[in-house]
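These notes concern the structure reproduced below.
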Amino acid sequence: MLVTIPTSLAPPSVLAFASDLDELPMADEYEFDFGRARWFPPFSMLLLSIILKRFRDSRSHCRCRARNHEHHSYAAHLGFFYSFGLQHGNLPGEAPGSDNYVPITKLAVADIRREALERWVEVGDVVETRARELSAVLTRADRGPLYDTLAYSIREIIRNAVEHSEAAELFLCAQHWPSRNQVEVGIADAGLGIRQSLSRNTSFAGLDDREAIQMALMPGVSGNPLAGKGTDVWQNSGYGLYMTNRICRNGGSFMLCSGSAALHLTATDKVDLVGNMPGTAVRLLINTERLPDLRDQLGRFHSEGRQAAQAIRGANRSFASTASQMLSVDFRNEPTHEDF
Ligand SMILES: Nc1ncnc2c1ncn2[C@@H]1O[C@H](COP(=O)(O)OP(=O)(O)OP(=O)(O)O)[C@@H](O)[C@H]1O
Ligand SMILES: [Mg+2]
């Protein structure tokens, strides 16, 4: 049976394609035609990869083949085809990761935990190191507003996958387009999803996928019943998704997909999409032209969050300082080639 990969791989099309795959009748063989697909953005590649893997695993007795994939050199270079098992192009993580991109990269949660034990540090510290390395590749800098904003946002989304998803691995892919003043970061896991994780906190049990993703974005909302308690800087306090979504919506956009729900948020709009994926996927689109405004906005986001949390039943209202609430951005200019 021939299956056509959609022409547009914008996330809503990929999610709709996932639902079409569910409906396909049983067949001995499925041939996926990549010939119509035009452009493979980083986040869409992660989403499509997770969806194709799920399809293949759910029909493991059927043969899955690809055709017309040879023309997609960007996707092949970034490890897309190998990421779902097709032996074409680079392996995930194999491309050198320069020119302002990070290829599809698999992070094994066990490796992160092992490194924390070996270095005598917390898991949060190891994730922070990785996030800083990734931010350095994307910005070609080791300080400055974009570097700090990306390091913080990437860290918080990776931490979420490591701390809440129960998945063994997570995937990441990113690209910085300096000429478009835009950075896209995609981070995805095929774990238990936001609804189930949030329900560990009885205040947020009984929600459906849509309600759960909306709730998880609220300040002080955490699936960890101990959120906000204790003095550990890496303790959850329910601010990671709240702060990252507000940062991105300052001129860019934020997308959160989990289970049957997905949300696309911009400064002015909130669009509900029909989701269809195992686990959780996040897309950060950052408008680098708006970073100077961020200096004034960050404090405001945080204090508005603290205030809003007072009115949310079950939200953490403690004022303990946790990592997700401490984003300090270095607003000095980024170093140039003349700096030393
Ligand atoms: N990848 C994920 N998989 C499963 N659940 C998730 C994932 N990301 C977020 N969640 C759920 O959404 C909740 C809110 O996430 P958020 O990052 O805002 O707060 P937190 O991680 O609990 O605390 P903090 O970020 O302050 O450490 C999490 O507690 C968790 O229940
Ligand atoms: Mg978090």
Filter segment 123-171 for residues that are part of a helix (DSSP H, G or I), of a type in the set (Lys, Arg) and open to solvent by 30 Å² or more (accessible area, probe 1.4 Å) and give the result.
-> 130, 132
Residue list for segment 188-216, filter: within 15 Å of ligand 2 (Cβ to nearest atom), more than 24 Å from residue 168 (Cα to Cα) and either of a type in the set (A, V, I, L, M) or not assigned by TED's automatic domain parsing to the domain that holds residue 275 (or both) = 215
Hey, among the residues in segment 269-292 that are charged (D, E, K, R) and open to solvent by 50 Å² or more (accessible area, probe 1.4 Å), which one's farthest from residue 244 (Cα to Cα)?
-> 272
Within segment 273-325, can you find the residues that are of a type in the set (Ser, Thr, Tyr) and either more than 21 Å from the chain's Cα centre (by Cα) or within 16 Å of ligand 2 (Cβ to nearest atom) (or both)?
-> 280, 303, 318, 321, 322, 324
Inspect all residues belonging to segment 274-289 and state whether any of them is more than 24 Å from residue 159 (Cβ to Cβ), in a helix (DSSP H, G or I) and out of contact with any Leu (no Cβ under 6 Å at 6 or more places or on another chain).
-> yes
Is there a residue in segment 199-210 that is within 22 Å of residue 54 (Cβ to Cβ), open to solvent by less than 50 Å² (accessible area, probe 1.4 Å), touching a Leu at 6+ places or on another chain (Cβ under 7 Å) and not in a loop (DSSP other than H, G, I, E, B)?
-> no
Just a yes or no: is a residue in segment 40-57 crowded, with 19+ Cβ neighbours inside 10 Å, among the β-branched types (Val, Ile, Thr) and part of a loop (DSSP other than H, G, I, E, B)?
-> no
Filtering segment 106-122 down to residues that are without any contact (Cβ under 8 Å) to a residue 60 or more places away in the chain, open to solvent by 10 Å² or more (accessible area, probe 1.4 Å) and either touching a helix residue (DSSP H, G or I) at 6+ places or on another chain (Cβ under 9 Å) or in a helix (DSSP H, G or I) (or both) yields 110, 111, 113, 114, 115, 117, 118, 119, 121
Just checking, how many residues over segment 246-273 are more than 18 Å from residue 193 (Cα to Cα) and not in a loop (DSSP other than H, G, I, E, B)?
-> 7
Answer residue from segment 178-187, given it is within 18 Å of the chain's Cα centre (by Cα) and surrounded by fewer than 23 Cβ atoms within 10 Å (Cβ to Cβ) and is farthest from ligand 2 (Cβ to nearest atom) among those | 182
When residue 60 is run through (1) out of contact with any strand residue (DSSP E or B) (no Cβ under 7 Å at 6 or more places or on another chain); (2) touching a residue at least 12 places away in the same chain (Cβ under 8 Å); (3) open to solvent by 70 Å² or more (accessible area, probe 1.4 Å); (4) over 30 Å from residue 284 (Cα atoms), the failure sits at (2)
Scan segment 156-171 and give yes if some residue there is touching a residue at least 60 places away in the same chain (Cβ under 8 Å) and away from ligand 1 (no atom under 16 Å from the Cβ), otherwise no.
-> no
Among the residues of segment 31-41, is any basic (Lys, Arg) and modelled with pLDDT of 95 or more?
-> no
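The values are calculated or read from the model by the stated rules, or taken from the named source; none is laboratory data. Because the structure is predicted, anything quoted here is derived from the model rather than measured. As a convention, Cβ positions derive from the backbone with ideal geometry for all residues, glycine included, and neighbour counts pool all protein chains shown. Just so you know, the surface numbers come from the protein's heavy atoms only, side chains and all, with ligands and any DNA or RNA stripped out. Shrake-Rupley method; radii C 1.70, N 1.55, O 1.52, S 1.80 Å.
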